[in-house]
Amino acid sequence: MDKNLQEYWRKNISFMAFLLVIWALVSYGCGIIFVKPLNAIRLGGFPLGFWFAQQGAIYVFVCLIFIYYLYMQKLDRKYDVHE
Amino acid sequence: MSILAWTYIMVGLTFGLYIFIAWISRVRDTKGFYVAGGGVPPLANGMATAADWMSAASFISMAGLISFLGYAGSIYLMGWTGGYVLLALLLAPYLRKFGKYTVPDFVGDRYYSDAARFVALVCAIFVSLTYVCGQMRGVGIVFSRFLEVPVDIGVLIGMAIVFFYAGLGGMKGITWTQVAQYTVLIIAYLIPAVFISMKIAGTPIPQIGLGGHVQTGQYTGQYLLDVLDKLNTDLGFTAYTQPGAKSMLDVFCITFALMVGTAGLPHVIIRFYTVPSVRAARLSAGYALLFIAILYTTAPAVAAFARYNMIDTINDKPYSQAPSWFKNWEKTGLIAWVDKNNDGIIQYRAGKPFIGKPKFTGKTGPLGQKLVANKITDSPNELYVDRDIMVLANPEIANLPAWVIALVAAGGLAAALSTASGLLLVIASSISHDLYYRMINRKATEKQRLLVGRIMIGIAVCIAGYFGINPPGFVAQVVAFAFGLAASSFFPIIVLGIFSTRTNREGAICGMLAGIIFTAAYIIYFKFMGGTKDQWFLGISPEGIGTVGMIINFVVTLVVSRMTKEPPREIQDLVASIRTPRGAGAAIDH
C-alpha cells in the first residue's frame, strides 16, 4: 500500500474505533453494567438505565451508522479513493 | 363486514401484490438471481434488509416476551439492533467491494482454500435451515388463527407463494417483494400501537407514551413505568425496569452473542452484495437499522402497555366480568385459567399456574372456563397467558375495527414470508453456486447454474415446509444455535480477513473449527444432554456462549496464522484492494 492509502486506512480505523467505543458505552455501559445506578436518575417517566437499554441505545446505534457514512464519504474524497 | 372477510381481503391483496412484483422482476441470469444484478438502491435495500431481518418472532413474539421480562427483555432489543453497527463499520462496505455472491465465496477466496469454503458453506446452510423452519411454522400459525384453516394448509399455501417469487425472481424478486412486505408489516405494527398508546398514555407516539402518564383508572396521573414497577413487585415479580436474577456477565454475553451473531448471519450479509457501490452499502446499513428501529423502539412500548392493560383489566377481577378479548383468546387455548381457590376471581401472580402448556379436557367449569388436564402447581398464580397474544390481541384490546385486526394478520405473514425467502435464497445459492459451480462443475453454463439454483429453492422450500408441518421439538433450542454458530464461525474470520493481512488459510480453518466445535459442544451438552445450570462455564448460559466461541476463534486464528507462512502475494493484494472503495461498481464475475 502506498503512503497515502496507509494514512487513509489509519484514519478510517481510528474513527471506527471511536464510534465503537460509543457503541459499547451506550449498550454495555449504560444499558447493562451501570443500569442500576442510572435507574436512580429520571428522564421524565423513564428510569435512565432502563431508557438506554430499551430506547436510547437503539437511537444511538442508528446515528452512529449515519455518522460513519458521512465521515467516510468525506475521507474517500480527500484521499481520492471514492467511486 | 366480519373480521374473517376482512382478513381474506387483506391477505389476498398482499399476496397478489407479491406475485405481481415477482412477475415483473423475474430474472434470466445468475447475477440477477444471486445478487439482484447488484443494482438495488440503498433505500430499497434498507427496507428489504429490515423485512429480511424481522421475522415472525420479531413481529409476533418479541413484544410479548419483553412484556413478561421487563428490563431483562432488553437483551433482545439491543442484541438484535447493535449488530448492525458492527455490520456497517466492519463488514458491509468491504464485502461489497469484494463483490461476489455469497459468504462462503468470500471465505473460500480470501483464504484460498476449498476446505474453508466448504466449512463456511455447511455453517451457512445449517444456520439458515434452522431459522427457516420456524418461519414456515409462523406462516402456518397465522393462517390457522386468522383464516381458520388448518396449520398444514397454511404452510402449503406459504410454500407455494415463496417458491413462486423466489424461484422466478431469485434475489431480485425477493428484494422487491421484501420492500412491499416491510411496508405492510410496519403499518400493521404501528396502527394498533398508536391507538393503544393513545388509550393508555394519551399520546400517539408509543416511544413517548412508554414514559408517559396513565390516563384512566386508579393510577391516573402516575408514570406508567412506576405503576408497572409497583404492580410487578406487588404480584411477586421483579420490578419492571430493574435487572432480574440473571448474572451481569451472562446478560453481557447473551447481548454480545446476539449482536455478533446478527452481523454474521449469511442472509443479512448477502443483502449488502446487492447494492451498486461501497458508499451505497454503508448508507443502506443505516437505512436498514433505521427501519428496524421503528419497530424495535415501538415494541417495548407495546410490551409495557399490554402488561399494564392485562394486569389492570384481569387481575383480581371476577371471571364472569373478564373482557371479551380474554374469552376469545381462551377459546384458542392461548389463555387458561384455573380457579385454584374456588373464589371465581382471577389471581395473577408470579410463578407457573400448572406444568407445561395447557392441555384442555374438553369440559368446562361452573363459570364456563375451559378446564385443563395439566398438573397444578402450588403457586398462587391461576393464569396462563401465552406471550404471543400480547401483539395479536392488541387490536381487540384497543377496540380497533375489524380491518386493523386483518391488517395485523397480513403483517405477521409478511414478516414470516420475507424472512423465509431470504433464508431460502442463502440455502439455494450456497448449494448451486458454492458447492455445484465452485467445487463440482466449474464449466457449468449460466443456464445450468440458474436451473440448479431454482431446483435448490424448490428442494429447500419442501424441506422447510416439511419441518413447518412436523416441527421437531428442538426448534426453540436451535435458535441459540443459529446465533452462536454465526458468532463463532463467520464473524471473526470475515473481520480478520479484512483487517489483518497476515491471517492465512491455516489460521482461518483452525479458528473456525475451534469456534464451532466449542460452541456446538457447549450448546448440545446443556440443551440436549441434560447439563445443569451449576455446570455453566463462569455462569454463562448456552445462549451467550457464542461470545466465548467467538473469542476462541479470534485467538486461535491469530496464533495459528503467526505460526504458519504468510498468505500469497495476490491474497495480500486482494486485501489491500477491498480496503478502498473505488472500482466496486465494475461487474465482477468468475
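The values are calculated or read from the model by the stated rules, or taken from the named source; none is laboratory data. A quick note: this is a predicted structure, and the numbers were derived from the prediction, not measured. Glycine gets a Cβ as well: all are built from the backbone with ideal geometry, and neighbour counts include every protein chain shown. The accessibility values were calculated without ligands, DNA or RNA, using every heavy atom of the protein model including side chains. Shrake-Rupley method; radii C 1.70, N 1.55, O 1.52, S 1.80 Å.
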Subset of the range A:1-14 (residues that are more than 9 Å from every other protein chain (Cβ to nearest Cβ) and either assigned to a helix (DSSP H, G or I) or at pLDDT 95 or above (or both)) | A:K3, A:N4, A:Q6, A:E7, A:R10, A:K11, A:S14
Failed criterion for A:D80 (all others in (1) within 7 Å of another protein chain (Cβ to nearest Cβ); (2) modelled with pLDDT under 95; (3) more than 21 Å from B:G244 (Cα to Cα) hold) | (1)
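What number of residues in the range B:240-276 are part of a helix (DSSP H, G or I) and under 24 Å from A:A53 (Cα atoms)? Lay out the reasoning, then the answer.
From the range B:240-276, those part of a helix (DSSP H, G or I) are B:248-264, B:266-273; that's our starting set.
Next cut, under 24 Å from A:A53 (Cα atoms) only: B:248-264, B:268.
Total meeting the criteria: 18.
Run down B:L295, B:L283, B:L231 and say which single residue is more than 10 Å from every other protein chain (Cβ to nearest Cβ), open to solvent by 10 Å² or more (accessible area, probe 1.4 Å) and not in a loop (DSSP other than H, G, I, E, B). Walk me through it before giving the result.
On the way: B:L295 fails: open to solvent by 10 Å² or more (accessible area, probe 1.4 Å); B:L283 fails: more than 10 Å from every other protein chain (Cβ to nearest Cβ).
The match here is B:L231.
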Of all residues in the range B:495-552 being closer than 23 Å to B:V127 by Cα and among the polar types (S, T, N, Q), the one that is surrounded by the fewest Cβ atoms within 10 Å (Cβ to Cβ) = B:S541
Residue pairs meeting the criteria (Cβ under 7 Å; at least 6 apart or on separate chains; first under 15 Å from B:F163 (Cα atoms), in the range B:440-457; second open to solvent by 90 Å² or more (accessible area, probe 1.4 Å)) = B:I457/B:F163
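Test of understanding: among B:P276, B:P243, which residue is more than 8 Å from chain A (Cβ to nearest Cβ) and open to solvent by 30 Å² or more (accessible area, probe 1.4 Å)? Spell out the reasoning first.
On the way: B:P243 fails: more than 8 Å from chain A (Cβ to nearest Cβ).
So the residue among B:P276, B:P243 that is more than 8 Å from chain A (Cβ to nearest Cβ) and open to solvent by 30 Å² or more (accessible area, probe 1.4 Å) is B:P276.
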If B:S430 satisfies every condition in (1) modelled with pLDDT under 90; (2) within 19 Å of B:I157 (Cβ to Cβ); (3) hydroxyl-bearing (S, T, Y) but one, which is the exception?
-> (2)
Of (1) open to solvent by less than 50 Å² (accessible area, probe 1.4 Å); (2) under 30 Å from B:L190 (Cβ atoms), B:N328 satisfies all except one. Which?
-> (1)
Determine the pairs where a residue that is in the same structural domain as B:T298 (by TED's automatic domain parsing), located within the range B:209-235, has a partner that is of a type in the set (K, R) and surrounded by fewer than 22 Cβ atoms within 10 Å (Cβ to Cβ) with Cβ atoms under 8 Å apart, the partner being 6 or more residues away or on another chain.
-> B:Q215/B:K199; B:L235/B:R349
Could you figure out which of (1) of a type in the set (S, T, Y); (2) under 12 Å from B:V107 (Cα atoms); (3) open to solvent by 10 Å² or more (accessible area, probe 1.4 Å) isn't true of B:S489?
-> (3)
Residue satisfying condition, being within 11 Å of chain A (Cβ to nearest Cβ), under 21 Å from B:S128 (Cβ atoms) and within 22 Å of the chain's Cα centre (by Cα), within set B:Y18, B:Y84, B:Y71 = B:Y84
Note on the range B:345-364: residues more than 33 Å from the chain's Cα centre (by Cα) and exposed (fewer than 15 other Cβ atoms within 10 Å of the Cβ) are B:T361, B:G362, B:K363, B:T364
Conditions (1) over 21 Å from the mean Cα position of the chain (by Cα); (2) at the interface with chain A (Cβ under 9 Å from one of its Cβ atoms); (3) farther than 15 Å from B:A303 by Cα; number of the one not met by B:G211 = (3)
Check on A:W23, out of contact with any helix residue (DSSP H, G or I) (no Cβ under 8 Å at 6 or more places or on another chain) and either at positive phi or within 9 Å of chain B (Cβ to nearest Cβ) (or both) | no
What is the number of the single condition among (1) open to solvent by 10 Å² or more (accessible area, probe 1.4 Å); (2) without any contact (Cβ under 8 Å) to a residue 40 or more places away in the chain; (3) within 14 Å of chain A (Cβ to nearest Cβ); (4) of a type in the set (A, V, I, L, M, F, W, C) that B:V122 does not meet?
-> (3)
Helices (runs of 4 or more DSSP H) contained entirely in the range B:407-518, each with at least 3 residues that are under 30 Å from A:Q6 (Cβ atoms) | B:490-499
Among the helices (runs of 4 or more DSSP H) lying completely within the range B:44-125, list those that include at least 1 residues that are more than 16 Å from B:L496 (Cα to Cα) and of a type outside the set (D, E, K, R).
-> B:62-69, B:74-86
Among (1) over 27 Å from B:Y296 (Cα atoms); (2) in contact with a Phe, Trp or Tyr (Cβ under 6 Å, 6 or more places away or on another chain) - the single one B:M1 does not satisfy = (2)
Hey, can you tell me all the residues within the range B:337-369 that are farther than 25 Å from B:T233 by Cβ and not in a loop (DSSP other than H, G, I, E, B)?
-> B:F360, B:T361, B:G362, B:K363, B:T364
For the range B:246-272, name all the residues that are under 23 Å from A:F66 (Cα atoms), open to solvent by 10 Å² or more (accessible area, probe 1.4 Å) and more than 9 Å from chain A (Cβ to nearest Cβ).
-> B:L258
Considering only the range B:204-214, state which residues are open to solvent by less than 50 Å² (accessible area, probe 1.4 Å), assigned to a loop (DSSP other than H, G, I, E, B) and either of a type outside the set (V, I, T) or at pLDDT 95 or above (or both).
-> B:L210, B:G211, B:G212
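Of all residues in the range B:57-74, which are at negative phi and open to solvent by less than 10 Å² (accessible area, probe 1.4 Å)?
Filtering the range B:57-74 for residues at negative phi gives B:57-69, B:71-74.
Once the filter is applied, which keeps residues that are at negative phi and open to solvent by less than 10 Å² (accessible area, probe 1.4 Å), the range B:57-74 yields B:S58, B:F59, B:M62, B:A63, B:G64, B:I66, B:S67, B:G73, B:S74.
Here's the yes/no breakdown for (1) closer than 19 Å to B:T313 by Cα; (2) modelled with pLDDT under 90:
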site	(1), (2)
B:T216	yes, yes
B:L228	yes, no
B:A239	no, no
B:G244	no, yes
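So which of B:V127, B:V103 is within 30 Å of A:V21 (Cα to Cα), away from chain A (no Cβ under 14 Å), touching a Leu at 6+ places or on another chain (Cβ under 6 Å) and of a type in the set (A, V, I, L, M)?
Numbers: B:V103 fails: touching a Leu at 6+ places or on another chain (Cβ under 6 Å).
One residue alone meets the criteria, B:V127.
Of the residues B:A124, B:A51, B:A72, B:A92, only one is more than 25 Å from B:D388 (Cβ to Cβ), of a type in the set (A, V, I, L, M) and modelled with pLDDT of 90 or more; which?
Values: B:A124 fails: modelled with pLDDT of 90 or more; B:A51 fails: more than 25 Å from B:D388 (Cβ to Cβ); B:A72 fails: more than 25 Å from B:D388 (Cβ to Cβ).
Answer to the selection: B:A92.
Do you know which of the residues in the range A:1-52 that are polar (S, T, N, Q) and without any contact (Cβ under 8 Å) to a residue 24 or more places away in the chain is least open to solvent (accessible area, probe 1.4 Å)?
First pass over the range A:1-52, keeping only residues polar (S, T, N, Q): A:4, A:6, A:12, A:14, A:27, A:39.
Then drop every residue that is not without any contact (Cβ under 8 Å) to a residue 24 or more places away in the chain, which leaves A:6, A:14, A:39.
Numbers: A:Q6: 101, A:S14: 70, A:N39: 15 Å².
Top of the filtered list is A:N39.
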